[in-house]
Structure formats: C-alpha cells, structure tokens
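The values are calculated or read from the model by the stated rules, or taken from the named source; none is laboratory data. None of the values given here were measured: they were computed from a predicted structure. Cβ: placed from backbone, ideal geometry, glycine included. Neighbour counts: every protein chain shown. The area values use the complete protein model at the heavy-atom level, side chains included, leaving out ligands, DNA and RNA. Shrake-Rupley method; radii C 1.70, N 1.55, O 1.52, S 1.80 Å.
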Amino acid sequence: QPACILTPSRTVYNKGEFWAVGWGAVANSTDMSSRLRRAQLTEFVNCGPIVSTAYSLIRGLKDRTQFCAHGAIKDTCKGDSGGPLLITFPSQEEKYKCLYMVAGIISKGQIDCGKQDSPSLNTNVTAFVRFIELHVWPSKK
C-alpha cells in the first residue's frame, strides 16, 4: 500500500509516535519472523551518547538526519533495517484513517531486542525529501 513521505511542511504532524513494520528477528532469536510484524514506538530523545557507543558511531548521532526510537512492549530488532517508521496520516476524514506517512527508515534495529534503554537508530526521511523527489520524479527536459 502506498504511503506519503513526511515533508518538511508537514513535520508538525510528527508527534514522536511511530509504527515500525518489518520481518526482523523476534526477541533475541537469530531467525527472522515468518510473518510481517509491527510495533508501536516513541521517539527516544537525547540518545546520542547511547547509540554512539552501542553502534560505534565514529561521528556520533547526526540530529538533522538521524533519530532514535523505542517501544514500551515491542520493538525493532535485527533484520528490520530498511523498513519504514510510519506516522498516521493527519486527517479526521474516515477515508484517510488507514493511510500513513513515512517519517523514518530503520537503520539499525535494537542490539538487545526489546530492552527499554537500547534504542533503534533511524534515518529521518524528511531530511532527504529533496533528494528523493529529484530521483523519483526527475524533471523532464
């Protein structure tokens, strides 16, 4: 199902609550899930020191292009990388209730899956909207 990209003009709708979707490992298993799973996540603020150490980020967390998230019960894990972090489409109209906007891409699922103080590292899609538009819809000459 198509999803819209969260553009800079719509970041006001990003309340720091996401749906992660993926086929990654369940718990600390090395086996990938046999079915598509989802988890509700929230933004993990001030995570720079934690992820810089956990993921060996030489240059640290880049606040403009990266952010952290974690779940209270379920979370991302190994194998979820490349999957979307979605926010609900901001509309009260019933016909739009099932639509989502892509706010992020999972870069690294949790190392310790489901551990509360171990956030996932994600790419901020909004920071790359111009790049995406230039490559998906190149201007016609």
Check: Residue by residue through the range 7-15, which ³J(HN,Hα) values in whole Hz follow from phi under the Karplus form 6.51 cos²θ - 1.76 cosθ + 1.60 (θ = phi - 60°), with glycine and proline marked x?
Finding: 8, x, 6, 10, 5, 4, 7, 7, 9
Check: Within the range 59-73, what residues put their amide N at less than 20 Å from the label point 7 Å along the Cα-to-Cβ vector of C4?
Finding: none
Check: In percent, what relative contact order does the chain have, based on Cα pairs under 8 Å that are 6 or more apart in sequence?
Finding: 28 percent
Checklist line | Extension gain (nm, one decimal) between R35 and T11, 0.36 nm per residue minus Cα-Cα | finding: 5.6 nm
Next item on the list: Pop out the carbon and sulfur fraction of the accessible area of the chain as a percent, whole number, probe 1.4 Å.
Entry: 55 percent
Margin query: Quick query: amide H of I5 versus all other amide H atoms, modeled in the peptide plane; which residues come in under 5 Å with a sequence gap of 5 or more or a different chain?
Written below: V102
Margin query: Under the rule of at least 5 residues apart or a separate chain, name every residue whose amide H is placed under 5 Å from the amide H of L85.
Written below: A103, G104, I105, I106
Margin query: With a 1.4 Å probe and all protein chains left in place, how much accessible area per residue does the chain have, in Å²?
Written below: 64 Å²
Note to self: Given axes a ≥ b ≥ c from the Cα gyration tensor, I'd like to know whether the range 1-57 is rounded (a/c under 1.5), prolate (a/b larger than b/c) or oblate.
What the structure shows: oblate
Next item on the list: Would you mind checking which residues have amide H under 5 Å from S33's amide H? H placed 1.01 Å from N; only 5 or more apart, or other chain.
Entry: G24, A25, V26
Note to self: Please state the shape class of the range 16-86: rounded when a/c is under 1.5, otherwise prolate if a/b exceeds b/c and oblate if not, all from the C-alpha gyration tensor.
What the structure shows: prolate
Margin query: What are the ³J(HN,Hα) couplings of the range 120-135, residue after residue, when phi is run through the Karplus curve with 6.51, -1.76, 1.60 and θ = phi - 60°? Round to Hz, x for glycine and proline.
Written below: 7, 9, 9, 8, 7, 4, 4, 5, 10, 4, 4, 4, 4, 4, 5, 9
